[in-house]
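Visitor: Mind looking over this structure? Questions follow.
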Amino acid sequence: MPVLVITGTGTEIGKTVTTAAVAAAALAAGRSVAVLKAAQTGVGPDERGDADEVARLAGPVTTDELARFPEPLAPGTAARRAGTAPVRPHEVAERAAKLATEHDLVLVEGAGGLLVRFDAAGGTLADAARLLGAPVLVVAQAGLGTLNVTELTTRELRRRGLEPAGVVIGSWPATPDLATRCNVADLPEVAAAPLLGALPAGAGALPPTEFRTAAPTWLSPRLDGTWDAEAFRVREAP
């Protein structure tokens, strides 16, 4: 799996912190890692972006960013309003493929959800994943409402001939409610893809040394971790 595309079922669900955890676990396993942010929105030219945050938390990864736009909007809209060229799916694929020749693992982080538009032609992260032939990891919310959007995302991946690598819960609460506990069992069923981890709420606020030590315990062996989905389900679900 030299390239893994990481998307989410929406915004602000822990996609960047999950990318950092996957990177940290891979580094701990002795793999070289590159992180490509397809399109960074909502930050100025001298501000830290998502790829920088991944490096801060995960450690020595190669970071790359195709473009950034100052307004916190969908990349296509942000590019249009900024009067600059948008990111194209083939550019994402070409940059990721180049990074893959130099690293054991390339993580391509999208912006928002799977079908957020990069350009006026309707290009998306899904198109970049198709060009790469890369699996897609879906970061989902833990609580009520997540089943519908997660199933929609993985169905769309399969409709496009893409492989859902699995689902990671981006922020697992310290005190999960009934819906959240039930979702541990239901998410892999509706997604028809394995649950590959769960990050504790507030993981991104941990000191980097603590984050790097703990990251493998949040992710399954398929993501270079030690997390046991079955044990987690038995412990949390009624």
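Visitor: Please list, by residue number, every one of the GluC sites (Glu not before Pro) in the range 72-110 that is coil in DSSP and has at most 13 other beta-carbon atoms within 10 Å. Present the calculation step by step, with values, prior to reporting the outcome.
Guide: Working: sites: GLU91, GLU94, GLU102, GLU109; in loops: GLU102.
Passing both the DSSP loop test and the Cβ count: GLU102.
Visitor: Also, I was wondering about something else. Can you check what the net charge comes to around PRO89, using other residues whose Cβ is under 14 Å from the Cβ of PRO89 (Lys, Arg +1; Asp, Glu -1)?
Guide: Counting the neighbours of PRO89, the net charge comes to +1.
Visitor: Rg and Dmax in Å for the range 172-238, alpha carbons only: what are they?
Guide: 12.4, 35
Visitor: Give me the one-decimal Kirkwood hydrodynamic radius in Å for the range 33-170, with the sum taken over alpha-carbon pairs.
Guide: Evaluated on the range 33-170, it is 15.5 Å.
Visitor: Counting pairs of Cα atoms in the range 89-216, how many percent are more than 19 Å apart?
Guide: 55 percent
Visitor: Say the dipole of the range 42-97 comes from +1 at the beta carbon of Lys and Arg and -1 at that of Asp and Glu; which of LEU66, PRO89, VAL54 then lies farthest toward its positive end?
Guide: About the Cα centre, the residue reaching furthest to the positive side is PRO89.
Visitor: Can you tell me what the convex hull of the Cα atoms of the chain projects to on average, as an area in nm²?
Guide: Details: hull surface 47.2 nm².
Result: a mean projected hull area of 11.8 nm².
Visitor: Taking amide H positions as placed in the peptide plane 1.01 Å from N, state which residues far from ILE13 in sequence (5 or more) or on other chains have amide H under 5 Å from it.
Guide: Those qualifying (amide H under 5 Å, at least 5 residues apart or on another chain) number zero.
Visitor: Which three semi-axes in whole Å describe the equivalent ellipsoid of the range 27-100, each the square root of 5 times a Cα gyration tensor eigenvalue, listed largest first?
Guide: The answer is 25, 15, 7 Å, longest axis first.
Visitor: What whole number of Å gives the distance from the Cα centroid of the range 192-221 to the Cα centroid of the range 134-188?
Guide: That distance is 16 Å.
Visitor: Follow-up. Mean residue ellipticity at 222 nm from the helices of the chain, using -39,500 (n - 2.57) per DSSP H segment of n ≥ 4 over the full residue count, to the nearest 500 deg cm²/dmol?
Guide: Estimated from H runs of four or more residues: -12000 deg cm²/dmol.
Visitor: Could you put ASP186, ASP104, ASP119 in order of accessible surface area, largest first, with the 1.4 Å probe and the full protein assembly present? Don't skip to the end; give the middle numbers.
Guide: On the way: ASP186 55, ASP104 80, ASP119 10 Å².
Ranked list, largest accessible area first: ASP104, ASP186, ASP119.
The values are calculated or read from the model by the stated rules, or taken from the named source; none is laboratory data. Values in this document were obtained by computation on a predicted structure and should not be read as measured data. Because the Cβ atoms are built from the backbone with ideal geometry, glycine has one as well, and the counts that use them run over all protein chains shown. Side chains are part of the model used for accessible areas, which takes the heavy atoms of the whole protein and leaves out ligands, DNA and RNA. Shrake-Rupley method; radii C 1.70, N 1.55, O 1.52, S 1.80 Å.
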